[in-house]
1. Going by alpha carbons, how many degrees (0 to 90, nearest 10) lie between the helix axis of 211-223 and the longest principal axis of the chain?
2. Using the alpha-carbon atoms, what tilt in degrees (0 to 90, nearest 10) does helix 50-61 show relative to the longest principal axis of the chain?
3. Compute for segment 8-160: radius of gyration divided by Kirkwood radius, i.e. Rg/Rh, restricted to C-alpha atoms, rounded to two decimals.
4. Quote to one decimal, in nm, the extra length available between THR163 and ASN190 on full extension: 0.36 nm per residue of separation minus the C-alpha distance between them.
5. Could you work out the pair-distance distribution P(r) of segment 108-154 from its alpha-carbon pairs, with 5 angstrom bin width and percents rounded to whole numbers?
6. Using only Cα positions of segment 70-201, each an equal point scatterer, no hydration layer, compute I(q)/I(0) via Debye at q = 0.18 Å⁻¹ and quote the log10 values to two decimals.
7. At a Förster radius of 22 Å, what calculated FRET efficiency corresponds to the Cβ-Cβ distance of GLN221 and ASP150, to the nearest 0.05?
8. Using only the alpha-carbon atoms, how far is helix 242-259 inclined from the longest principal axis of the chain? Give it as 0 to 90 degrees, nearest 10.
Amino acid sequence: MSLEELSIDGGYFEPIRAFLESPEGEGPFPTIIICHGLTANPIYPIDKHPIYKKLSEGLVANGFLTVRFNFTMNLEKDISTFHIDSEVHDLKIVLKYLLEDSRVNKKKIGTVGYSLGATILLMNGYKEKDIKAIVALAPKLELGDDYSDDPVHQEALQKGFFTHVDNKNTEWKISIDFWENIFKNGHNKNLKNSIRKLKQPLLLVCGKSDNEDKGEAEAIQTLAKHAILECVEGTDHNFSNDYSINYAVRKAIEFFNQKL
């Protein structure tokens, strides 16, 4: 196995920081793009976070080439600006880069995303014919209806940003542009229609003890009737124990082995 750090030009705000991990032997290899969830950290540890690290290592051990990357963002003072359109753009740039790499089997490219990263795949997947299979871990379906009484919406209106707390209880400030982009461009309304258009094989994985995630995954399966749904016992949205991460990784590997 080898791990290579990349800087890919053409990101929405800046060059894209990425990590390409490849198996031993000669390519071209079936390839998986790994998309992280919501964060306002511009150098989010996509190379070290246990979900993405175990996904990559498990896939590479099974003969896949993987790319993990940071969605780009613009920092003003301590407030991060990014949105749905910027993340869709960055995903397209990563895919374009891979399609020009001789190590990649262009006919066998899949994607796996977690939380918001999974939502980006569900929103844009039907447009990307080069993506042949999708795994969505704890995907978010409901993006909200305009500005509501939700505390996150109200904080954004009052302060120009909202606060996101990550799984290490670190607080990050995310610009109101995130919501402006969702509401003004109708992403909250278009997401369900985009899921209906998905033709690629689709695997949904969620924590069985998280009722919101389970409900949203079931709603996605109703929209994409060909989707396979796996609910993991004893875990929440964060897949916060080794059993749940290992289970999700195993199911993703089995799925990509079958579908690519």
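Laboratory data are not the source of any read-out in this text; all were calculated from the coordinates shown. Here the structure is a predicted model, which means the values were calculated and not measured. Virtual Cβ from ideal backbone geometry, glycine too; neighbours counted across all protein chains shown.
1. 70
2. 20
3. On the way: Rg = 16.2 Å, Rh = 16.3 Å.
Dividing the radius of gyration by the Kirkwood radius yields 1.00.
4. Working: separation 27, 0.36 × 27 = 9.72 nm, distance 2.53 nm.
Stretched fully, the THR163-ASN190 segment lengthens by 7.2 nm.
5. 5, 21, 23, 16, 14, 9, 6, 4, 1
6. Log-scaled intensity ratios, in q order: -1.07.
7. Working: r = 25 Å, r/R0 = 1.15.
According to the calculation, E is roughly 0.30.
8. Rounded to the nearest ten degrees, it is 60.
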